[in-house]
1. Is it the case that the stretch 260-268 has a residue that's assigned to a loop (DSSP other than H, G, I, E, B), modelled with pLDDT of 85 or more and closer than 30 Å to LEU155 by Cβ?
2. So which residues in the stretch 583-597 are more than 25 Å from TRP558 (Cα to Cα) and open to solvent by less than 80 Å² (accessible area, probe 1.4 Å)?
3. ASN95 - would you say it is open to solvent by 80 Å² or more (accessible area, probe 1.4 Å) and over 26 Å from ASP175 (Cβ atoms)?
4. Considering LEU400, LEU396, which residue is touching a strand residue (DSSP E or B) at 6+ places or on another chain (Cβ under 6 Å), surrounded by 18 or more Cβ atoms within 10 Å (Cβ to Cβ) and in a loop (DSSP other than H, G, I, E, B)?
5. Out of the residues in the stretch 417-429 that are crowded, with 16+ Cβ neighbours inside 10 Å and part of a loop (DSSP other than H, G, I, E, B), state the one that is farthest from the chain's Cα centre (by Cα).
6. Can you name every residue in the stretch 183-195 that is open to solvent by 70 Å² or more (accessible area, probe 1.4 Å) and either within 16 Å of ligand 3 (Cβ to nearest atom) or more than 18 Å from THR243 (Cα to Cα) (or both)?
7. Report, by residue number, each residue of the stretch 201-216 that is loosely packed, with under 15 Cβ neighbours inside 10 Å and of a type in the set (A, V, I, L, M, F, W, C).
8. Select from the stretch 366-387 the residues that are modelled with pLDDT under 85 and small (Gly, Ala, Ser) and list them in ascending order.
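The values are calculated or read from the model by the stated rules, or taken from the named source; none is laboratory data. Everything quoted here is computed from the prediction, not taken from an experiment. Cβ atoms come from the backbone with ideal geometry, glycine included; neighbour counts cover every protein chain shown. Calculation scope for accessible area: heavy atoms of the full protein, side chains included, ligands and nucleic acids excluded. Shrake-Rupley method; radii C 1.70, N 1.55, O 1.52, S 1.80 Å.
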Amino acid sequence: ACPHNYPHQAVIGPTCVWQDLLSRSFLPEPFISTTSLASQCGFSMKLDQLGNVMIFASLHNCFAQNVVTDTGSRIMTLVFFTPEEKVMTVAKAQNSGYGIVNTPSRLVVRSPKTTPETYTQSVAGVPMTVLKMSAIFEQKWLATQIDVTAACPMLEGSVYVTPNTVTWYLPWHIDPLISSDQFKLLEVYMGIDGQRLNATEMAARQYSMSANDMYIIVEIPVGAVGGYFKSQVQDGQYFIYYTIEPMLELLWIEEAANEDTRYKVFLPITTPLQYQPPQVTDVPPQIIGGCDHQNFYVLVKYETHGFQTIIGKQILTPTLAEQYNFIDNGTHFSIVVPFSSPDTKFEAIESSSIRSRLDVVLMNQKTKNIMKEFSMSCKFHSTLIECFPNGTITALAVKLNSVPSLNPSQLTLRDPMCRPSFSDDRYAYFIFSGNSCGTTRKFLANVMLYENEISLPEETETESQPENDELKISCYYDVNSTSTVAFYTSPSKIEPRAKSGKGELQVEMRLALDNSYSTFYKLEDYPVSKYLKQPLYFEVELIAATNPSVSLELENCWATLNEDRRSHPRLNLIIDGCANPLNPYQVIFHPVWVDARVQYPSRFKRFEVQMFTFPEDDNNFDHHQLFVHCDVVICDNMNPLGGVCSGQCSSQKNKTKGQRRAVSHVNSFKHVSSGLIVMI
Ligand SMILES: *[C@@H]1O[C@H](CO)[C@@H](O)[C@H](O)[C@H]1NC(C)=O
Ligand SMILES: *[C@@H]1O[C@H](CO)[C@@H](O)[C@H](O)[C@H]1NC(C)=O
Ligand SMILES: *[C@@H]1O[C@H](CO)[C@@H](O)[C@H](O)[C@H]1NC(C)=O
């Protein structure tokens, strides 16, 4: 047991040396000056990058026992050259701090750097600490003399540091160590922490070693692998320094004496403190995403880990991460979310597809502030209704995000006794046959049409449960072959009559060259360039509708900087079919007349707005461009139900409660967008 309660105490040999070894200061110098006992006995100590203490013990340390006790010669006298001769007994030398150990084949001399017998000598301009002595052995009548010389370069004068590079000059002809003219340098190696490196490793770490007529020159970039940065705060300011311990190993021969010398220098180098001005990095993570036929793919690029990921309404826990194929490589992570996962939202149903949305939020773990919000919505093919040749019909009703109060298990077919075969909080699945559950049958030209509806039974329908969730089921059977020919579905109150075509109703937006609306920019003309305040003439057309009684109205039109119609900033041009009175660039509607191109004017809408730019803000968008988008409504003229279907910007009082608009369901809007328009 050691007498003092030192945290790192240990016992080596019979003595409690640790106290002495460790009594040195840690701060602010990163390098430890060991005390005299350590240097005398062959111990040294270093801190590693993490602040761990590393202790090195020589195999010939004072407390090691040489088990081969073949007594060799005994040293009688030591002669130091300071450079004047100075004779000393071994005991006296040991009292002065020297460590002297010999075995039959080896003599080990250890010296503190600061004994009176060491002196400084300049070698090719580099100051070196030199210890030069002879040990005289006597055995019976034989006396042997062994000369010992050590020369260590001092840091000052051999190492030069710039903010980017550490350069070390080591003279390759070290005069105090060489006694003849027949010197020949054979090998030079460089290493780090005592380990030699080969040329490949040196190149990989961007170290360089060269030689001129005087020096071996080692260059190490500050920050290179092999060393490390440490930081330090002084007077409230933040500093860093770089630490590395290169090694040079030289092998030379003096031919006449046929003596070869292997010379190694370990040189711990610490760069001066470099002031680091505080830098604030506030780079929020980036999210990108995409979809395939059944999954959402999300890729998050991040720099720091201090955020929480929320998928839909759930925090991304390890369990959830596994479920969503979470992959992280240190700078990016990705997840794959199936479109029908419980964390997605259904926005719209179309004849054979579901529009599903995924919301991803990154939240600062500490402050709980939202760092990034990301939404993407994609259309996924999904068979909602199937009509089998044997008359079995299956239908899947999907709860939309816009009707959160709907309970799918309460849905029924026309016959309220026909309940879902399966339901959960998002789906209701019905299986029935063409002659049950209130299914009606109609004979058309060549086909038989079976129809039913999924809705809430009357008594459960309340104010809070919107009525537009009736889902019409239609199956067309070929009269001749009784095979299935087609089916489609439409939420029944959404497009009351405009369902005579089986294809999707297609809407197009184009930009006319002038107010005659006779020539239009073609796809390849985009981006279209305009001057500020130059009028833009837009035309929107409902194409390929076979039913002559359908018409098109513009519900909302707006401009964005970005191609994404949901992006911000956004300037509303038309709201609920009317020019936005708050818009400084007033929209002018133009009437449409029959001409060679226009057969049904009711399927066209035209409007004009002046080219404008968005006000500058802090985002780095290009403010000299815009996209125009419209939500359009397809109306049935035989059955105008109010709202915009009563005519573009008709009386607003149609919107009173109880009165239904042709399109009451936001998700059945059709959307059109212009191409890129830039200001010149
Ligand atoms: C250099 O050293 C590395 C690591 O020890 C070793 O993998 C590599 O093969 C060596 N290259 C050459 C050219 O010797
Ligand atoms: C991590 O993944 C991203 C995206 O796949 C890739 O661009 C990046 O290079 C990867 N980084 C690493 C360190 O592998
Ligand atoms: C009708 O056909 C479907 C698909 O082949 C089958 O799953 C179902 O059981 C059949 N129904 C009847 C009543 O045979």
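1. Our first condition is that a residue be assigned to a loop (DSSP other than H, G, I, E, B); within the stretch 260-268, this holds for 267-268.
Applying the additional criterion that residues be modelled with pLDDT of 85 or more yields 267-268.
Add one more test, that the residue is closer than 30 Å to LEU155 by Cβ, and what stays is 267-268.
The answer is yes; a qualifying residue exists.
2. Matches in the stretch 583-597: ASP595 only.
3. Yes; evaluated as a whole, the condition is true for this residue.
4. LEU400
5. This residue is CYS418.
6. Correct list: LYS184, LEU186.
7. If the condition is that a residue be loosely packed, with under 15 Cβ neighbours inside 10 Å and of a type in the set (A, V, I, L, M, F, W, C), then ALA203, ALA204, ALA211 are the ones that fit.
8. Answer for the stretch 366-387, where residues must be modelled with pLDDT under 85 and small (Gly, Ala, Ser): just SER382.
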